[in-house]
1. Pick from Y245, Y236: which is in contact (Cβ under 8 Å) with a residue 12 or more places away in the chain, in a loop (DSSP other than H, G, I, E, B) and of a type in the set (F, W, Y)?
2. If you check L78 against the conditions, is it surrounded by 14 or more Cβ atoms within 10 Å (Cβ to Cβ) and under 19 Å from P31 (Cα atoms)?
3. Please work out if I44 is within 13 Å of the chain's Cα centre (by Cα) and free of Cβ contacts under 8 Å to residues at least 40 places away in the same chain.
4. Touching a residue at least 24 places away in the same chain (Cβ under 8 Å) and among the hydrophobic types (A, V, I, L, M, F, W, C): is that true of L78 in this structure?
5. Which condition does S231 not pass, out of (1) surrounded by 16 or more Cβ atoms within 10 Å (Cβ to Cβ); (2) more than 23 Å from I107 (Cβ to Cβ); (3) of a type outside the set (K, R), if it passes all the others?
6. Identify all residues within segment 132-159 that are under 15 Å from R69 (Cα atoms) and either of a type in the set (A, V, I, L, M, F, W, C) or within 14 Å of the chain's Cα centre (by Cα) (or both); write none if there are none.
7. Would you check if R28 is at pLDDT 95 or above and on the phi > 0 side of the Ramachandran plot?
Amino acid sequence: MRLLIDQPNDGVSNMARDEALLMLVGKREAPPTLRFYRWDPPTISLGYFQHYSEYESLLLPAGGLPVVRRTTGGGAILHDREWTYSLTLPIGHSLVNHGGAQRLYEIVHEALVETLLLLNVKTSRCGFSDGSSANKGPFFCFDRRHEQDVVISGMKLAGSAQRRTRFAILQHGSIVLANRFDQHRVGAIRDFVDLDDDSLLDPLIAALTRGLGASLDCGEWTSVELELADSLREKYASETWTKKY
């Protein structure tokens, strides 16, 4: 499996790159890929079905941030000091066939729980869902609860969402390192352990290697992938897409 670690990018570029992977992995023109990335500037991503008017009603400072709409459902996320990951696999891959899409949530979140325990931060998976769905529930994802979410002291540290096509599955999620904004019930790893933002990656990648049962080989974007992602920027930058609902 290819491992990509990107430099921080704006929300439009990040979402365009995830969709480019979904399309090309589905066509078997790109390998199964685990990608880590960050956001600059801080950005709010809307779940696919969320109403844009909810974003417009946000107070400052969150209401003054750039906004992009994801291709996955769920609640809005305020992306700032975090690592975001995306895992893209073709339909028919052994990780999809054995345990299904739900198992992918378990693998990634178990790896994060294992990694944080090495840093003496005891977390767990939430273990219950609050009934939120793609277009139903609190506006912010981190106010919602899913049984697979990673939590500490009742606060959510990480959550994930999926988009599935006939050819591939994309799962991506946010791992909050520090919280500079007043989101409700948001936990941040640096509230519990003093670490450099980059130092989480190596042990997390090692845990994911074990959980995924695959070697993770550092790779680079191909010119075809970057060209497709660049063409998809127009979609994610457009009001038609952003204000879809």
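1. Working: Y236 fails: in a loop (DSSP other than H, G, I, E, B).
Just a single option satisfies the conditions, and that option is Y245.
2. Details: surrounded by 14 or more Cβ atoms within 10 Å (Cβ to Cβ): yes; under 19 Å from P31 (Cα atoms): no.
So L78 fails the test.
3. yes
4. Values: touching a residue at least 24 places away in the same chain (Cβ under 8 Å): yes; among the hydrophobic types (A, V, I, L, M, F, W, C): yes.
Judged against the criteria, L78 is a match.
5. Of everything listed in (1) surrounded by 16 or more Cβ atoms within 10 Å (Cβ to Cβ); (2) more than 23 Å from I107 (Cβ to Cβ); (3) of a type outside the set (K, R), S231 misses just condition (1).
6. At the first step, the residues of segment 132-159 found to be under 15 Å from R69 (Cα atoms) are 134-135, 139-141.
Matches in segment 132-159: A134, F139, F140, C141.
7. On the way: at pLDDT 95 or above: yes; on the phi > 0 side of the Ramachandran plot: yes.
Yes; evaluated as a whole, the condition is true for this residue.
Here's the yes/no breakdown for (1) over 18 Å from G73 (Cα atoms); (2) among the aliphatic types (A, V, I, L, M); (3) in contact (Cβ under 8 Å) with a residue 60 or more places away in the chain:
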| site | (1), (2), (3) |
| --- | --- |
| M1 | yes, yes, yes |
| Q7 | yes, no, no |
| N14 | no, no, yes |
| L22 | no, yes, yes |
| V25 | yes, yes, yes |
| R28 | yes, no, yes |
| P32 | yes, no, yes |
| Y37 | yes, no, no |
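The values are calculated or read from the model by the stated rules, or taken from the named source; none is laboratory data. Since the structure is predicted, the reported quantities are computational estimates derived from the model, not experimental observations. Because the Cβ atoms are built from the backbone with ideal geometry, glycine has one as well, and the counts that use them run over all protein chains shown.
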